[in-house]
1. Considering segment 35-54 alone, what residues qualify as being surrounded by 11 or more Cβ atoms within 10 Å (Cβ to Cβ) and not in a helix (DSSP H, G or I)?
2. Can you name the residue in segment 1-34 that is modelled with pLDDT of 80 or more and among the basic types (Lys, Arg) and, of all such residues, is surrounded by the most Cβ atoms within 10 Å (Cβ to Cβ)?
3. If you go through segment 43-73, how many residues are of a type in the set (Lys, Arg) and modelled with pLDDT under 70?
4. Within segment 55-64, identify whether any single residue is exposed (fewer than 12 other Cβ atoms within 10 Å of the Cβ) and acidic (Asp, Glu), and answer yes or no.
Amino acid sequence: MAKLQSGHLTLGIKFNRLEEEWVAYEFSFLWKDEPIINDNIFKTGRWWDKRRHGTFMANDYEKDYLIETIKMY
């Protein structure tokens, strides 16, 4: 897991898995090491239920690359 931290605010990025051409990540936004995302607003079922409490899921595929996006900004 990679962490970017400023004071008590942390952005966590965890490499989750690699499936053929897909790379999956989990993002977490933490305040004093506690998730600040309200899980009640997320969809449920199938793919969404695989994520950890307080995280977002994202994928790299073909032309959308997480690391390149972070480098740009």
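1. 35, 36, 37, 42, 51, 52, 54 - these are the residues of segment 35-54 that are surrounded by 11 or more Cβ atoms within 10 Å (Cβ to Cβ) and not in a helix (DSSP H, G or I).
2. Looking at the filtered set, the residue picked out is 14.
3. Here is the first cut: in segment 43-73, the residues of a type in the set (Lys, Arg) are 43, 46, 50-52, 63, 71.
Filter once more, keeping what is modelled with pLDDT under 70: 63.
Residues that pass the stated criteria total 1.
4. Filtering segment 55-64 for residues exposed (fewer than 12 other Cβ atoms within 10 Å of the Cβ) gives 62-64.
Filter once more, keeping what is acidic (Asp, Glu): 62, 64.
Within segment 55-64, one or more residues are exposed (fewer than 12 other Cβ atoms within 10 Å of the Cβ) and acidic (Asp, Glu).
The values are calculated or read from the model by the stated rules, or taken from the named source; none is laboratory data. Just so we're clear, the structure is a prediction, and the values are computed from it rather than from any experiment. Note that each Cβ is placed from the backbone with ideal geometry, even for glycine, and that neighbours are counted across all protein chains shown.
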